[in-house]
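Novice: Here it is, the structure, as structure tokens.
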Amino acid sequence: MEEGLVLDPYAARDFAIALLIGALIGIERERKKAVEHSREIGGIRTFVLFSQIGALSAWLSRQLASAWPVTVAIFGVTLVIALAHAAQVGTQREREDPDVGLTTEAAAIVTTLLGAVALLGFPQIAGALGIATAVLLAFKRPIHGFVGRLDEQDVYAGLKLLVASFIILPLLPNRPLDPWGALNPYGLWLLVVLISALSLLGYVAVRILGTGRGTALTGLFGGLASSTAVTLSFARRSRELDDPPHLDALGAGILLAWAMMFGRVMVEVAVVHPALLPRVAAPQVAMLCLAAATAFVFYRRSHGVDETTTDVLLRNPFSLTAAIKFAAVFAVVMLAVSLVQRYAPGSGEIAVAALAGLSDVDAITLSMATLARRGGDPTLAARAITVATFSNTLTKCVLVLALSAVGFKWRIAIATGAVVAGGAVALLFV
């Protein structure tokens, strides 16, 4: 009895993924044609066919154990696309339309390749890249708008961060260089890159949204970059907008920035020493929730004036000079904590944390998390980190009291008292 062809269920799944990739990218290109009335080389049907060509050629390559079917298919699709693009360029020149791009043509080649990848045994990768491609195509205007808001220094800062991450970091020795085992150049620089990346994330969010979106959003994302900068800017702004609704809006922005700082501390601990996070989380979550709740009360009282433009003097947070300075501060804090831990254990770490937190909470957070990971007392580390956040929060409150309008001072003073008191109560259970 002659056996019929049995379809491999995995192959059927991979063919379906390939076709869905073509449909997803094709829908986006079809929508673009309809909205912009453009004469692109293809829509949903064409892109499904491109993905099918890639999938079938890869299936044949597997059956024949030869790379030629995929090679011929990719070459043929590229040739067809090149000819279609050349014809489109000629048409556009006749119409004196200089706007001729290669996005759709490149998307067609990518779709063909993804169809092949799905049938070559990597359907998850093909699916993920297909979704990423569709998102990249769909978000054309937001991406162009964001790039248009970047200046030369922003581009340089991003490139410097990449240099610090992928060129400088691998060259550093990954061993302690001091007698106390506190200063590991690789570990120090790795944490500098982490802090710079977190700050850059907040900076980019503010650049995308723009400070004109209101004090709440500016405080929320600006706090990820620098809660101190947000505090200073809003405190000074309160002197110009000295009426209750605007002061409430500015207070909401400052408290949201502080809430982001507490969240940032937990992220840093989770990255450096995840086992310490449960001990750190209780006071940090308490302070975050109290800051967010107070911000919500202020926001409701502001009656919608939050849309007032409030410029925050945020500079791009990454430069090699700033990174080296932070690395030096971090090294000093690490060394101080290590020496105190050896010669004055117990209360000395808390004193160092309180002093370090006056200017910056990141260095002491990373230092205590690193020491806990190396076998230090996790309870002491959690308490030191919490004391540093108390110190930093109180310092920012003092800045507000010194720089803001009279009506703004009592708002932030009461909120600060509530936040610190809540953290102190939670600290008792650590």
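Novice: Which residues, taken from region 51-65, are open to solvent by 40 Å² or more (accessible area, probe 1.4 Å), more than 19 Å from Leu129 (Cβ to Cβ) and of a type in the set (S, T, N, Q)?
Specialist: Gln63
Novice: For region 183-203, name all the residues that are under 17 Å from the mean Cα position of the chain (by Cα) and closer than 13 Å to Val272 by Cβ.
Specialist: Residues satisfying the conditions are Leu190, Leu191, Val192, Val193, Leu194, Ile195, Leu198.
Novice: Given the criterion without any contact (Cβ under 8 Å) to a residue 40 or more places away in the chain and open to solvent by 10 Å² or more (accessible area, probe 1.4 Å), identify the matching residue among Leu403, Leu399, Leu394.
Specialist: Exactly one residue qualifies, and that residue is Leu394.
Novice: Continuing with this model, one more query. Search region 331-370 for residues being in a loop (DSSP other than H, G, I, E, B), more than 20 Å from Val265 (Cβ to Cβ) and touching a Leu at 6+ places or on another chain (Cβ under 9 Å), and hand back the single one that is most open to solvent (accessible area, probe 1.4 Å).
Specialist: Taking the candidates together, the pick is Pro345.
Novice: Check Phe221, Phe234 and return the single one that is modelled with pLDDT of 85 or more and either within 23 Å of the chain's Cα centre (by Cα) or buried (at least 24 other Cβ atoms within 10 Å of the Cβ) (or both).
Specialist: Phe234
Novice: Continuing with this model, one more query. Do we have any residue at all in region 343-363 that's closer than 24 Å to Ala252 by Cα and in contact with a Pro (Cβ under 9 Å, 6 or more places away or on another chain)?
Specialist: no
The values are calculated or read from the model by the stated rules, or taken from the named source; none is laboratory data. Since this is a predicted model, take the numbers as computed values, not measurements. Because the Cβ atoms are built from the backbone with ideal geometry, glycine has one as well, and the counts that use them run over all protein chains shown. Protein only, heavy atoms only, side chains kept; ligands, DNA and RNA dropped before computing areas. Shrake-Rupley method; radii C 1.70, N 1.55, O 1.52, S 1.80 Å.
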